[in-house]
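For reference, the structure discussed in these notes is given below.
The values are calculated or read from the model by the stated rules, or taken from the named source; none is laboratory data. It should be emphasised that the depicted structure is a prediction, and the values quoted were computed from it without experimental measurement. Every residue, glycine among them, receives a Cβ derived from its backbone with ideal geometry; neighbour counts consider all protein chains shown. Side chains included, ligands, DNA and RNA excluded: accessible areas come from the protein's heavy atoms. Shrake-Rupley method; radii C 1.70, N 1.55, O 1.52, S 1.80 Å.
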Amino acid sequence: MSEPLSSQYDPAQIEAALYHQWEERGYFHARADQVLHGGADPYVIVIPPPNVTAVLHMGHGLNNTIQDVLIRWRRMQGREALYLPGTDHAGIATQNVVERQLAAEGKTRYDVGREAFVERVWKFVDETGSTILEQLRAIGCSCDWTRTRFTLEPDLSRAVRESFVRLFAKGLIYRGKYIINWCPRCLTALSDEEAEPAETQGRLYHIRYPVVGRAPVGAATLPDGRAYVVVATTRPETMLGDTAVAVHPEDERYSALIGGRLLLPLVERELPVVADDYVDPEFGSGAVKITPAHDPNDFELAKRHDIPSLDVLTPDAHMSDDVPAAFRGLDRFEARRRIVAALGELDLIERIEDHTHSVPHCYRCDTIVEPRLSEQWFVRMKPLAEPALAAARNGRVRFTPDRWTKVYEHWLENIRDWTISRQLWWGHRIPVWYCRADGCGHVMAPRTDPAACAECGSTAIEQDPDVLDTWFSSWLWPLSTLGWPDETNDLRAFYPTQTLVTAPEILFFWVARMIMAGYEFKGDAPFSDVYLTGTVRDTQGRKMSKSLGNGIDPLEVVQLYGADALRYTVIASVGFGTDVYMDPDNLDATFSPGRNFSNKIWNAGRFALMNIGDEPVLTLDAVRPDLETADRWILSRLAAATEDVTRQLEAFRFHEAAESAYHFFWGELADWYLELIKPRMQADAAASSRAAAKATLVHVLDGALRLLHPIMPYITEALWLRLPVPAGVDREESLVVGTWPAAGPRDEDAEAQMDALMELIGAVRTLRSEYNVPAGSHVPVHLTNPAPALREALSVEERALRRMARVNDVTVNGGADGMGAHAVLRGGTDLFLPLAGVIDVEQEKQRLGRERDRIEGQLRATEARLGSEKFASRAPADIVAKEREKADSLRDQRDRLDAKLRGFG
RNA sequence: GCGCGCUUAGCUCAGCUGGUCCAGAGCACCUCGUUUACACCGAGGGGGUCGGGGGUUCGAAUCCCUCAGCGCGCACCA
């Protein structure tokens with residue numbers, strides 16, 4: 001309290017020390033026993049676990065700031081607030097990183113072997129895995145670090161095992177051979193969600209397949225006389241795996257061919273022509289080549305017609321040995337070129353047209369995904385989806401913004417089974433063992449690793465080599481982090497959680513599946529609110545990404561402007577679920593709102609502390625009789641702000657909450673109240689007035705800092721700790737665990753008076769500015785017919801007018817003669833500034849004339865409305881009365897302006 | 001193609017159940033300013049036919065229809 005504060009806020013000086021202190025004192029630690037036995041109401045947010053390899057980016061900055069705002073706010077409201085941190089093992093991503101390291105050494109994972117490879121990944125994770133969690137500390141996240149979890153740690157792995165075993169036993173996990181999404185670079189299966197469609201400019205190749213045997217009458221023919229049928233494809237290389245051609249059963253063009261055969265060019269294999277209503281006769285030629293091993297629709301059709309599959313691609317998407325020698329071993333795209341060329345030479349290309357279609361890409365490495373026939377493990381989703389769907393429909397889980405509800409429902413309504421096996425080494429090994437004993441073939445998924453076959457006792461058992469999708473552990477996150485499958489105190493106290501904050505991109509990947517898992521394994525949704533954030537973009541609207549180099553490093557921002565500036569800027573930029581735009585090339589401009597506001601808070605606080613001095617401060621109650629209009633006004637405004645900020649936070653309207661607190665602090669407290677009380681702080685002011693001002697100031701500053709604390713924890717705490725404590729008040733030891741303010745009563749009188757006074761001051765300032773009255777000079781003011789509120793305000797706050805508008809004399813109802821500037825205030829008050837010599841008569845006449853016309857326009861519109869028969873008869877009485885009042889007031893203002901104008905002659 | 005959403009000042013967004021909204025904020029812009037908290041500041045100012053058209057209503061930025069543009073989700077017809 002005694003050491004002087006610098007005139008510029010320096011966040012670096014205070015942030016790290018404060019965070020350390022908060023953490024050390026255990027403020028972030030949530031106590032299960034308080035909930036179970038102490039009657040505390042829990043408020044829990046589980047962090048969307050970042051990849052263990054991740055480095056903090058603005059997306060995290062946005063998400064985690066929002067989470068922390070909610071947590072800090074609820075903690076102040078007295079909730080047992082748990083912000084549960086952790087990371088996930090990110091199977092593909094992490095494995096990719098280590099594989100790249102190996103590649104730099106000229107090795108592959110197969111060279112080092114599975115065990116050594118996994119060991120190496122662990123080593124990497126142990127060294128770098130906590131980076132992002134450290135970074136979350138830097139932006140002020142009040143996580144309960146004693147509960148930090150990792151999806152691949154033993155407890156959470158046990159949860160994964162348990163969930164698998166249960167679903168397996170219920171028949172909800174099965175193995176089968178289907179077309180799945182395959183990444184030829186990652187060499188693993190992907191779920192549908194992991195294959196992201198992207199609009200791609202492709203081509204549609206129309207290829208002639210010659211007819212075998214007798215051609216239908218009138219069929220097109222090749223130069224050699226053979227008839228042919230045209231099929232269209234975007235992927236000519238797959239034709240080598242064609243095993244049929246399909247047409248629509250009612251397509252007359254081809255009815256004669258059904259049951260006949262075509263000759264597959266280049267391969268010279270005969271293909272049956274089958275009829276199936278899957279075929280759309282309108283598209284392309286109406287004849288479809290069928291490649292069951294490389295297209296899901298073809299696969300289904302082939303099953304219906306008992307057509308064999310032929311896989312012509314290797315796992316890394318090269319042509320397999322099952323194709324003609326000329327194409328063997330070629331990369332899929334090279335094969336496409338050569339096949340098209342070869343067909344061209346045979347005159348079998350009818351035409352090639354441009355064709356835009358969406359092509360699935362691997363969400364981890366962006367490689368074009370291959371639909372591939374392979375044996376994988378799946379989760380049967382339909383039964384799991386039902387309660388998750390009901391949860392959205394009955395409001396158990398609410399989505400904010402609400403429009404995501406439909407997206408969620410639609411996905412669940414059309415849910416497809418989930419491919420959960422991954423051909424990776426880093427992850428939870430699938431807990432399935434196959435008995436290899438002759439004639440047994442038992443498949444088992446036990447809770448503990450078996451030594452022998454449960455069916456035949458043979459020890460010739462083998463565990464499935466694959467691992468599970470990372471999301472198969474993430475979907476348990478709210479459960480597993482709290483101890484499930486054990487009925488721990490944490491689980492009992494903190495499940496279900498309250499709010500989940502995440503990006504819409506993982507609504508299906510993660511959010512929907514967590515809800516399914518919550519119901520399946522614990523019988524309840526894992527949270528009640530899902531807040532979906534927007535995306536952080538650059539000024540051109542591009543998503544920030546490492547590869548584009550348009551990212552912003554939150555740590556750099558923290559270093560430059562402080563965590564509070566980062567947090568405030570982010571929160572204030574976050575429209576309701578809208579994207580956030582930031583300029584990576586101009587951090588100064590981007591973060592100026594937060595930086596400037598921090599500095600404003602700092603200086604307002606500094607001013608208050610300097611003026612309060614060492615004199616003891618009284619409680620508000622002790623000075624109640626001495627409160628002046630300005631005091632009552634700011635207290636009323638604090639009440640309004642408190643109510644508003646609270647309401648906005650409840651509705652997840654972060655931008656509005658921030659704006660509301662900002663406007664109160666800057667626009668009301670700093671701009672007006674601090675100015676109003678300056679004279680009262682001086683030594684020559686009346687002691688009672690000074691005491692009232694100081695008590696009010698301390699109270700209001702205390703409230704304002706509390707309202708801002710969830711958004712800007714550091715600066716608010718730093719100032720608050722220095723704020724003097726009124727005698728007899730027992731204060732909390734930190735804002736972190738301080739109480740959230742309750743809105744006090746509003747004071748309509750004080751607000752009306754101050755509104756009138758502020759309007760008057762504003763009007764005088766405007767006139768001064770219009771007439772270029774030198775800033776330093778003081779002017780007299782004449783008021784005629786002041787409105788009651790203004791009259792009252794002036795009786796107590798005239799000196800405010802003098803100070804803030806540079807006025808040296810105030811005359812009421814009299815002396816308003818001569819040349820000067822005029823204005824009419826609300827409530828009909830006439831304002832006159834005698835500016836003889838300064839004033840330009842013509843200019844003033846024009847100015848007043850414009851004002852008069854504006855008022856006249858409004859008046860006419862209002863009178864027209866009132867004059868309308870229909871309005872009078874159909875509009876509600878109170879609206880009509882309001883309009884009448886408005887017309888009266890406008891008429892009065894116009895008349896006064898007319899009178900003034902007449903005065904100019 | 002189906003579904004959802006958006007289109008308000010130069011930019012990013014508010015505007016909740018139609019009536020002081022002939023529309024607000026922040027940033028940007030212009031003018032003035034060294035009044036002892038802050039120039040990361042203060043004072044003042046300019047700027048919008050609320051995407052186009054139509055309708056409902058006494059009254060629409062706000063409700064309905066339609067068109068256009070953009071975005072998202074889903075499905076992909078090879």
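Just how large is the dipole of chain A about the Cα centre, in debye to the nearest 20, putting +1 at every Lys and Arg Cβ and -1 at every Asp and Glu Cβ?
Approximately 800 debye in magnitude.
Relative to the compact-globule scaling 2.2 N^0.38 Å, provide the ratio for the alpha-carbon radius of gyration of region A:511-605. Don't jump to the answer; show the numbers that get you there.
Details: Rg = 17.7 Å, N = 95, 2.2 N^0.38 = 12.4 Å.
It is 1.42.
Could you give the nm distance between label points at A:Thr146 and A:Ser6, where each point is 7 Å from its Cα heading toward the beta carbon?
3.6 nm
Per 0.36 nm of contour for each residue apart, how much would the distance between A:Asp895 and A:Arg253 grow if the chain were fully extended, relative to their Cα-Cα spacing? Don't skip to the answer; put the middle values down first.
Values: separation 642, 0.36 × 642 = 231.12 nm, distance 8.63 nm.
Roughly 222.5 nm would be gained on extension.
Sort largest first and round to whole Å: the equivalent ellipsoid semi-axes of region A:322-382, each the square root of five times a Cα gyration tensor eigenvalue. Before the final figure, lay out the partial values.
On the way: eigenvalues 185, 59, 32 Å².
Semi-axes from the Cα gyration tensor: 30, 17, 13 Å.
Enumerate the amide H contacts of A:Ala227 below 5 Å, restricted to partners 5 or more residues apart or on another chain; note that Pro and chain-start residues carry no placed amide H.
For A:Ala227, whose amide H was placed from the backbone, the distant partners under 5 Å are A:Val211, A:Leu222.
In whole Hz, with x marking every Gly and Pro, tabulate ³J(HN,Hα) for region A:664-676 from phi via Karplus 6.51 cos²θ - 1.76 cosθ + 1.60, θ = phi - 60°.
Each residue of region A:664-676 in turn: 5, 5, 7, x, 10, 5, 6, 5, 10, 4, 4, 5, 4 Hz.
Summarise the long-distance tail of P(r) for region A:829-905 by giving the % of C-alpha pairs beyond 22 Å. Could you put the intermediate results ahead of the total?
Details: 1109 of 2926 pairs.
Of all Cα-Cα pairs in region A:829-905, 38 percent lie more than 22 Å apart.
Take every Cα pair under 8 Å in chain A that's 6+ residues apart, average their separations, divide by the length, and report that relative contact order as a whole percent. Before the final figure, lay out each step's value.
Working: 1568 pairs, mean separation 111.2, N = 905.
Relative contact order comes out at 12 percent.
For region A:27-69, what D do you get in µm² per second when you plug the Kirkwood radius from alpha-carbon pairs into Stokes-Einstein at 25 °C and 0.890 mPa s? Intermediate values should be presented prior to the final figure.
Details: Rh = 12.6 Å.
This corresponds to a translational diffusion coefficient of 195 µm²/s.
Given a cut-off of 20 Å, what percent of all Cα-Cα pairs of region A:637-704 lie beyond it?
Details: 835 of 2278 pairs.
Of all Cα-Cα distances in region A:637-704, 37 percent exceed 20 Å.
Can you tell me the 0 to 90 degree angle between the C-alpha axis of helix A:296-305 and the longest principal axis of chain A, rounded to 10?
That helix lies at roughly 40 degrees to the long axis.
Each label point is 7 Å from the Cα along the Cα-to-Cβ direction; what then is the distance between the points at A:Glu413 and A:Arg874, in nm?
Result for the modelled spin labels: 3.7 nm.
Cα to Cα, under 18 Å, and not fewer than 8 places away if on the same chain: which aspartates and glutamates meet these conditions relative to A:Lys600?
A:Asp10, A:Glu15, A:Asp564, A:Asp588, A:Glu659, A:Glu668, A:Asp671, A:Glu675, A:Asp702, A:Glu717
Once the piece of chain linking A:Asp280 and A:Asp366 is laid out straight, how much longer is it, given 0.36 nm per residue of separation minus the C-alpha distance between them?
Length gained, A:Asp280 through A:Asp366: 27.9 nm.
Can you give the FRET efficiency to the nearest 0.05 for A:Glu134 and A:Asp155, using r as the Cβ-Cβ distance and R₀ = 25 Å?
Values: r = 22 Å, r/R0 = 0.89.
Once the sixth-power term is evaluated, E becomes 0.65.
Could you tell me which residue out of A:Val557, A:Asn596, A:Ile506 lies farthest along the dipole of region A:471-606 toward its positive end? Charges go on the beta carbon: Lys and Arg +1, Asp and Glu -1, centred on the Cα centre.
Farthest towards the positive end: A:Asn596.
State the answer as a single residue: which of A:Ala244, A:Leu62, A:Leu468 lies farthest towards the positive end of the charge dipole of chain A, with beta carbon charges of +1 for Lys and Arg and -1 for Asp and Glu, about the Cα centre.
About the Cα centre, the residue reaching furthest to the positive side is A:Leu62.
With just the Cα atoms of region A:698-767, tell me how far they stretch along each of the three principal axes, in Å, largest first.
Result, largest extent first: 48, 24, 21 Å.
Suppose the Debye formula is applied to equal point scatterers at every Cα of region A:750-833; what is log10 I(q)/I(0) at q = 0.25 Å⁻¹?
-1.35
Please compute P(r) over all alpha-carbon pairs of chain A, binned at 10 Å starting from zero, and give each bin as a whole-number percent.
Going out from 0 Å in 10 Å bins, chain A shows 2, 10, 15, 16, 15, 13, 10, 8, 6, 3, 1, 0 percent.
Just list whichever of A:Lys845/A:Lys886; A:Lys123/A:Lys546; A:Lys170/A:Lys382; A:Lys303/A:Lys382; A:Lys845/A:Lys882 have alpha carbons separated by over 20 Å in the model shown.
Details: A:Lys845/A:Lys886 25 Å; A:Lys123/A:Lys546 25 Å; A:Lys170/A:Lys382 13 Å; A:Lys303/A:Lys382 22 Å; A:Lys845/A:Lys882 31 Å.
As for pairs spanning more than 20 Å Cα to Cα, those are A:Lys845/A:Lys886; A:Lys123/A:Lys546; A:Lys303/A:Lys382; A:Lys845/A:Lys882.
What ratio of Cα Rg to 2.2 N^0.38 Å holds for region A:120-261?
Numbers: Rg = 27.8 Å, N = 142, 2.2 N^0.38 = 14.5 Å.
Ratio of Cα Rg to 2.2 N^0.38 Å: 1.92.
Mind putting a number on the dipole of region A:211-345 about its Cα centre? Charges go on the C-beta only, +1 for Lys and Arg and -1 for Asp and Glu, and I need it in Debye to the nearest 20.
Details: 14 positive and 23 negative charges, 81 e Å.
Its charge dipole is roughly 380 debye.
I'd like to know which of A:Thr356, A:Ala335, A:Thr488 lies farthest towards the positive end of the charge dipole of chain A, counting +1 on Cβ of Lys and Arg and -1 on Cβ of Asp and Glu.
A:Thr356
Amide H to amide H, which residues 5 or more places from A:Val44 or on other chains are under 5 Å from it, using H placed in the peptide plane?
A:Leu82, A:Gln498, A:Thr499
Say R0 is 56 Å: what FRET efficiency, to the nearest 0.05, do A:Ile352 and A:Asp529 get from their beta-carbon distance?
Working: r = 52 Å, r/R0 = 0.93.
Calculated transfer efficiency: 0.60.
Karplus couplings for region A:511-523 from phi (6.51 cos²θ - 1.76 cosθ + 1.60, θ = phi - 60°), rounded to Hz, Gly and Pro as x?
Per residue, the Karplus-derived 3J(HN,Hα) values read 4, 4, 5, 5, 5, 4, 5, x, 6, 5, 9, 9, x Hz.
Computed FRET efficiency, Cβ-Cβ of A:Asp585 and A:Asp331, R0 51 Å: what is it to the nearest 0.05? Display every interim value, and only then the final one.
Details: r = 39 Å, r/R0 = 0.76.
Computed FRET efficiency for A:Asp585 and A:Asp331: 0.85.
Roughly what angle does helix A:11-24 make with the longest principal axis of chain A, taking Cα atoms, 0 to 90 degrees, to the nearest 10?
For helix A:11-24, the angle is close to 70 degrees.
In square nanometres and to one decimal, what's the mean projected area of the convex hull around the Cα atoms of region A:746-891? Don't skip to the end; give the middle numbers.
On the way: hull surface 40.7 nm².
Mean projected area of the Cα convex hull: 10.2 nm².
Per residue, how much accessible area does region A:362-484 have with a 1.4 Å probe, in Å²?
Accessible surface, normalised per residue, equals 41 Å².
Show me, for region A:579-590, the HN-Hα J-couplings you get by feeding each phi into the Karplus relation (A = 6.51, B = -1.76, C = 1.60, θ = phi - 60°), rounded to Hz, glycine and proline as x.
5, 10, 10, 9, 9, x, 8, 9, 5, 4, 5, 4
How large is the translational diffusion coefficient of region A:666-723 in µm² per second when you combine the Kirkwood radius over alpha carbon pairs with Stokes-Einstein at 20 °C and 1.002 mPa s?
Working: Rh = 12.2 Å.
Stokes-Einstein gives a translational diffusion coefficient of 175 µm²/s.
Hey, could you get me the Stokes-Einstein D for region A:419-478, Kirkwood radius over alpha-carbon pairs, 4 °C and 1.567 mPa s, rounded to whole µm² s⁻¹?
Working: Rh = 12.4 Å.
Here the translational diffusion coefficient equals 104 µm²/s.
Using a simple spin-label model with points 7 Å from Cα along the Cα→Cβ vector, what separation in nm is obtained for A:Ala454 and A:Asp311?
2.9 nm
Summarise the accessible area of chain A (1.4 Å probe, protein heavy atoms) by the percent that is carbon and sulfur.
Details: 18450 of 38380 Å².
C and S atoms contribute 48 percent here.
Dipole size in debye (nearest 20) for region A:13-139 around its Cα centre, Lys and Arg Cβ +1, Asp and Glu Cβ -1? Please report the intermediate quantities before stating the final value.
Values: 13 positive and 16 negative charges, 48 e Å.
In debye, rounded to 20, region A:13-139 gives about 220.
Would you mind listing how long region A:454-509 runs along its three principal axes, going by Cα atoms, in whole Å with the largest first?
Sorted largest first, the three principal extents are 49, 32, 13 Å.
Expressed as an acute angle from 0 to 90° and rounded to the nearest 10, what is the orientation of the C-alpha long axis of helix A:91-104 relative to the principal long axis of chain A?
70 degrees
Which residues' amide hydrogens lie under 5 Å from the amide hydrogen of A:Gly78, considering only partners 5 or more residues apart or on another chain, with H built in the peptide plane?
The list, which skips near neighbours in sequence, is A:Trp740.
What share of the DSSP beta bridges in chain A is antiparallel, in percent to the nearest 5?
Values: 65 of 90 bridges.
Taking every DSSP beta bridge with both residues in chain A, the antiparallel ones total about 70 percent.
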